[in-house]
Protein chains: 2
Amino acid sequence: MPAQKTLTHLPFYTDLSSTGRDLLSKGAKYNACEAADIILHKGQSVSGAYMVLRGRLRVYSISSNGNEATLTWIEPGEICVFSLNCLFNNLLYPAWVAAEKDTEVATIPAALYRELFQREFSVQDLTVHSLSILVFRLMEELDQVHGLRHKERLANFLLVRASATGELDITQQQLAQHLGTSREVIARLLQNFVAQAYVRTGRGRITLLDPEGLSQVVTGKQA
Amino acid sequence: MPAQKTLTHLPFYTDLSSTGRDLLSKGAKYNACEAADIILHKGQSVSGAYMVLRGRLRVYSISSNGNEATLTWIEPGEICVFSLNCLFNNLLYPAWVAAEKDTEVATIPAALYRELFQREFSVQDLTVHSLSILVFRLMEELDQVHGLRHKERLANFLLVRASATGELDITQQQLAQHLGTSREVIARLLQNFVAQAYVRTGRGRITLLDPEGLSQVVTGKQA
DNA sequence: GCGCTTATGTAGCAAAAGTTACATAAGGTA
DNA sequence: TACCTTATGTAACTTTTGCTACATAAGCGC
């Protein structure tokens, strides 16, 4: 068990009863995985609740023509709600999960999690909140996929995920995967943005030059 | 309060403690609404948990160009999970809700629901299950929107929602709304299906003639 | 039946997205 | 530096979707 990062560092741990803490420390398992490792395959049965301690997980679907589309990311401190989902309903996992960088994951076995859920209010709370937030995120995503064009979704993505200095370290291939389209389409759209001086492109990097312009693209006011 | 349909008829009521039943019968409110009534507007704050007793509710989003897209339906006996979602996170409602036919809805005020959630295991259970199932549904939908063409989504929709005798009572306009596209596109696709003798169209009705053929369309094996 | 409303059938063009096929460039490494 | 891998830039072309504009038809009330 790595000393530096365990479940005890997560916010909800503080609110557990001593019995709960005990159960958790005895039952939880820790896993480390490297970038690009696939943690779960679609249709796999889920053995417990996953919680990310370090790194980042990417949850994605793969369509029949082989295109990937990122559904969401799981950041440190977050629980993989999809696994909860399966755990409470005995469903098979509905997507793929892969590590995006070196990532450490704690696994709480299904039986233990269900017991904690019955005993501990903080676990109930965590569960319902996590599920709720996921529902909200998914609805937003669905909304966007339905209502926006790729151009608009791309602009939105750039705005939302750029750093404070207006930079994103991401390849066009990754962008394409997230939006569920091909790299060529992304390149075409980005060239458009470059031509209008909204962004500057570099190898594995995009720099925002005119966030205002981009947000007008999102709302459909600008090309 | 209508005598014929109350919360006491729903499955989870049986598992409530007598205190819980008491609280519920005192606090719940009943509303009737007619077809096409809009129950909730996007961005409205949610005053409680909604449960459908009779009829059907449609949850939908509206994109910037005015197109609607049905996210899900809420059938009798189901709880509107979106409202739970807001209720536990103090979020604003993320979509529109309208009655599709004469519908009766029970409302459990937010404070009461939260209290029941703390006291009653059956309510915790109902909540987590409902949220989980919604997550699953939304993911499936997102998956389809990402990965399938309209032709394939339409074929899938027809297969999933046809009656046992292979009939659907639905207008092309409604189909278009669900898939988030225009009626003309649906008409074009349907004509295609008609030409291949997969379906027969009528006024407000579609009859499946060749479900096999349709399922091949879904998987992209057939035109 | 007549007229009104609602639903479907079709055509044609414009815009967006998907596909294929290469050229070019940036970084890392032997 | 030369070579190799990975990432980006571009063009041409196809397919799908979106949009506009009508024609036709079904059901309903009078």
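The values are calculated or read from the model by the stated rules, or taken from the named source; none is laboratory data. This one's a predicted model, so the numbers in the text were calculated from it and none came from an experiment. Methodologically, a virtual Cβ is constructed for each residue, glycine included, from the backbone with ideal geometry; neighbour enumeration extends over all protein chains shown.
How many of the residues making up the range B:178-219 are hydroxyl-bearing (Ser, Thr, Tyr), more than 30 Å from A:Gly147 (Cβ to Cβ) and near DNA strand C (Cβ under 10 Å from one of its atoms)? Break it down stepwise before answering.
Residues of the range B:178-219 that are hydroxyl-bearing (Ser, Thr, Tyr), as a first pass: B:181-182, B:198, B:201, B:207, B:215, B:219.
Applying the additional criterion that residues be more than 30 Å from A:Gly147 (Cβ to Cβ) yields B:207.
Now drop any that are not near DNA strand C (Cβ under 10 Å from one of its atoms), which leaves none.
Qualifying residue count for the region: 0.
Look through the range B:201-215, keep the residues that are within 26 Å of the chain's Cα centre (by Cα) and not aliphatic (A, V, I, L, M), and return whichever of them is nearest to the other protein chains (Cβ to nearest Cβ). First the steps, then the outcome.
Step one: list which residues in the range B:201-215 are within 26 Å of the chain's Cα centre (by Cα), which gives B:201-208, B:211, B:214-215.
Filter once more, so that each one left must be not aliphatic (A, V, I, L, M): B:201-205, B:207, B:211, B:215.
On the way: B:Thr201: 25, B:Gly202: 28, B:Arg203: 28, B:Gly204: 25, B:Arg205: 26, B:Thr207: 27, B:Pro211: 19, B:Ser215: 13 Å.
That would be B:Ser215.
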Exercise. Out of (1) within 14 Å of DNA strand D (Cβ to nearest atom); (2) surrounded by 15 or more Cβ atoms within 10 Å (Cβ to Cβ); (3) more than 22 Å from A:Arg137 (Cα to Cα), what's the single condition that is false for B:His178?
Worked result: (3)
Problem set entry | All positions within the range A:26-43 that are loosely packed, with under 14 Cβ neighbours inside 10 Å and either of a type in the set (Gly, Ala, Ser) or more than 23 Å from A:Glu115 (Cβ to Cβ) (or both) | A:Glu34, A:Ala35, A:Ala36, A:Ile38, A:His41, A:Gly43
Exercise. On the given criteria, is A:Ala106 more than 14 Å from chain B (Cβ to nearest Cβ), closer than 26 Å to A:Ser132 by Cβ, touching a Phe, Trp or Tyr at 6+ places or on another chain (Cβ under 6 Å) and not hydroxyl-bearing (Ser, Thr, Tyr)?
Worked result: yes
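Residues are listed down the side, and each one gets a yes or a no for (1) in a loop (DSSP other than H, G, I, E, B); (2) farther than 20 Å from B:Val81 by Cβ:
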{"residue": "A:Leu53", "(1), (2)": "no, yes"}
{"residue": "A:Leu84", "(1), (2)": "no, no"}
{"residue": "A:Pro94", "(1), (2)": "yes, no"}
{"residue": "A:Ala98", "(1), (2)": "no, yes"}
{"residue": "A:Leu112", "(1), (2)": "no, yes"}
{"residue": "A:Ser122", "(1), (2)": "no, yes"}
{"residue": "A:Leu131", "(1), (2)": "no, no"}
{"residue": "A:Met139", "(1), (2)": "no, no"}
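Residues of the range B:64-82 being outside any loop (DSSP other than H, G, I, E, B), within 11 Å of chain A (Cβ to nearest Cβ) and either among the polar types (S, T, N, Q) or surrounded by fewer than 22 Cβ atoms within 10 Å (Cβ to Cβ) (or both), which ones? Please lay out each step first, then the result.
Pass one, the range B:64-82, residues outside any loop (DSSP other than H, G, I, E, B): B:68-74, B:79, B:81-82.
Okay, now just the ones that are also within 11 Å of chain A (Cβ to nearest Cβ), so B:68-72, B:81-82.
Those that are outside any loop (DSSP other than H, G, I, E, B), within 11 Å of chain A (Cβ to nearest Cβ) and either among the polar types (S, T, N, Q) or surrounded by fewer than 22 Cβ atoms within 10 Å (Cβ to Cβ) (or both): B:Glu68, B:Thr70, B:Thr72.
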Problem set entry | Residue, surrounded by the fewest Cβ atoms within 10 Å (Cβ to Cβ), within the range B:124-137, restricted to residues that are facing chain A (nearest Cβ under 7 Å) and among the polar types (S, T, N, Q) | B:Gln124
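Given the options B:Leu175, B:Leu142, name the one that is among the aliphatic types (A, V, I, L, M), outside the structural domain of B:Leu23 (by TED's automatic domain parsing) and within 16 Å of DNA strand C (Cβ to nearest atom).
Working: B:Leu142 fails: outside the structural domain of B:Leu23 (by TED's automatic domain parsing).
Only one candidate passes the filter, namely B:Leu175.
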Exercise. Inside the range A:138-175, can you point out the residues that are more than 14 Å from chain B (Cβ to nearest Cβ) and either within 12 Å of DNA strand D (Cβ to nearest atom) or in contact (Cβ under 8 Å) with a residue 60 or more places away in the chain (or both)?
Worked result: A:Leu168, A:Asp169, A:Ile170, A:Thr171, A:Gln172, A:Gln173, A:Gln174, A:Leu175
Exercise. Going through the range A:1-51 one residue at a time, which ones are of a type in the set (Gly, Ala, Ser) and not in a helix (DSSP H, G or I)?
Worked result: A:Ala3, A:Ser17, A:Ala28, A:Ala32, A:Ala35, A:Ala36, A:Gly43, A:Ser45, A:Ser47, A:Gly48, A:Ala49
For this session: Return the total of residues in the range B:145-168 being more than 16 Å from DNA strand C (Cβ to nearest atom), out of contact with any Pro (no Cβ under 9 Å at 6 or more places or on another chain) and under 30 Å from A:His178 (Cβ atoms).
Result: 2
Exercise. Tally time: how many residues in the range A:199-218 are surrounded by 14 or more Cβ atoms within 10 Å (Cβ to Cβ), without any contact (Cβ under 8 Å) to a residue 40 or more places away in the chain and either more than 7 Å from DNA strand D (Cβ to nearest atom) or under 12 Å from A:Ala155 (Cα atoms) (or both)?
Worked result: 4
